[in-house]
Amino acid sequence: MAQRRHPAGAGQRSGAARCQRPREDVNGVSAVSQTPVRVALLGAGTVGAAVARRLADRAEVFARRVGAPLELTGIAVRDLGRPRDLTGVLPGLLTDDPGALVDEVDIVVEVMGGIQPARGLIERALRAGADVVTANKQLLAQHGVELEALAGREGHGLEYEAAVVAAVPIMRTVRDALAGDEIRSIRGIVNGSTNYILDMVARQGVPFQDAVTQAGDLGYLEADPTEDLEGLDAAAKIVLLARAAWGGEVGMSDVQREGISGLTDADFENARGTGQVIKLIASAWRSGAPGAPRIEVAVRPTLVAADHPFAQTREGTNMVIIEADSAGSLRLSGAGAGGDETASAVLGDLINLARARVAARD
């Protein structure tokens, strides 16, 4: 993958989005166009419902920030009869035909998850002239190279801050803020579900299997818990971070991966006896000769000293430490999951792309 995420026209648009601000009228008040930016939302689960509610209750604020209203044209769901918390959202927006939504809008927000039909809908949207925001880490880790190439050819944006560590702006930091630096390594706790389990065992002495059961009962684990317990979720996130840092076609098959399901209570007792705790750490670094560097990625349970920042990362919190030549050591920490937290990142990408749309009209 190219180092820049948005080749050709898409890169220019994304840059405009990050710099553009709504125009002001002669009185210094932000001027809002009457022509809306049309938005289709694919998915109304925990994250999708939070996005829809915020688009409704912050409509005036977003219009001022963008320079035009954001018009939600429809919300695609799999089951029209399922109860959802869509307080404030206009009735009649729900549909079970996502394909009908993506052809006539400016921006598509995909938060439905899974590989298909999400991939096909994103490709269709890009070809139809829309920009895309997605939080779909597994789709991006497995097919992001092809999707970004398509976005570049079509001259449209593909943004996915929410795919890695929810509201914590780790992708922007790696891709944009450190664009003038050389990143040496990225290490972090990027899966809150497994961190909750490991923290319960380390701090409260809960038996490991009981902690796993508790996490499942509380809804912290994915529907297929192996995605969390076997490190697949963390692997997808570190793949995306490695691509953002160094380019290249890093994929899931490149990850040296070991989950936490094989841990035993004896492992935790041994860690306590040495003043350490066990954390599931995702890592990316460059190795090899300077003239022929290799990108390496790994996810594995790791012993860390009890006073290390990773050891002090509690429950579902995430933390990432970036080592860079000029900036030195940077730490980013915050909620790595949750409907409102993930929606924050989704909406940030949406507003940036919408700003670029409005700027391109001038």
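The values are calculated or read from the model by the stated rules, or taken from the named source; none is laboratory data. The model shown is predicted, which means the values in this text are computed figures rather than measured ones. All Cβ positions, glycine included, derive from the backbone under ideal geometry; neighbour counts span all protein chains shown. Ligands, DNA and RNA are excluded from the accessible area calculation, which covers all protein heavy atoms including side chains. Shrake-Rupley method; radii C 1.70, N 1.55, O 1.52, S 1.80 Å.
A few comments on the model shown:
- Within the stretch 294-316, tally of residues that are touching a residue at least 24 places away in the same chain (Cβ under 8 Å), in a loop (DSSP other than H, G, I, E, B) and open to solvent by 40 Å² or more (accessible area, probe 1.4 Å): 3
- Count of residues meeting criterion [assigned to a helix (DSSP H, G or I), open to solvent by 30 Å² or more (accessible area, probe 1.4 Å) and not aliphatic (A, V, I, L, M)] in the stretch 197-221: 8
- Residue list for the stretch 50-69, restricted to those being in contact with a strand residue (DSSP E or B) (Cβ under 9 Å, 6 or more places away or on another chain), among the hydrophobic types (A, V, I, L, M, F, W, C) and part of a helix (DSSP H, G or I): 51, 52, 55, 56, 59, 62, 63, 66
- The stretch 222-246, residues that are open to solvent by 40 Å² or more (accessible area, probe 1.4 Å) and among the charged types (D, E, K, R): 222, 224, 227, 230
- Taken as a whole, the structure leaves residue 337 outside the set of residues that are in a helix (DSSP H, G or I), touching a strand residue (DSSP E or B) at 6+ places or on another chain (Cβ under 9 Å) and small (Gly, Ala, Ser).
- Meets criteria (closer than 28 Å to residue 158 by Cβ and in contact (Cβ under 8 Å) with a residue 60 or more places away in the chain) for residue 230: no
- Odd one out for residue 167 among (1) assigned to a helix (DSSP H, G or I); (2) closer than 23 Å to residue 133 by Cβ: (1)
- Taking the criterion of being open to solvent by less than 10 Å² (accessible area, probe 1.4 Å), among the aliphatic types (A, V, I, L, M) and more than 11 Å from residue 39 (Cβ to Cβ), the only residue of the stretch 347-362 that qualifies is 356.
- Filtered by the rule that a residue be surrounded by 17 or more Cβ atoms within 10 Å (Cβ to Cβ) and at pLDDT below 95, the stretch 85-97 gives 86, 89.
- Residue within the stretch 211-219 that is acidic (Asp, Glu), at pLDDT below 95, more than 24 Å from residue 136 (Cβ to Cβ) and out of contact with any His (no Cβ under 8 Å at 6 or more places or on another chain) present: yes
- Filter result (more than 17 Å from residue 196 (Cα to Cα) and in a strand (DSSP E or B)) within the stretch 252-293: 255, 256, 257, 283, 284, 285, 286, 287
- In the condition set (1) assigned to a helix (DSSP H, G or I); (2) farther than 22 Å from residue 223 by Cα, residue 119 is compliant with all but (2).
- Qualifying residue in the stretch 143-151 (condition: modelled with pLDDT of 95 or more, small (Gly, Ala, Ser), open to solvent by less than 10 Å² (accessible area, probe 1.4 Å) and not in a strand (DSSP E or B)): yes
- Taking the stretch 166-209 as the range and being touching a Ser or Thr at 6+ places or on another chain (Cβ under 6 Å) and at pLDDT 95 or above as the test, the residues that pass are 181, 187, 189.
- Verdict on residue 156 being in a loop (DSSP other than H, G, I, E, B) and either modelled with pLDDT of 95 or more or outside the structural domain of residue 44 (by TED's automatic domain parsing) (or both): yes
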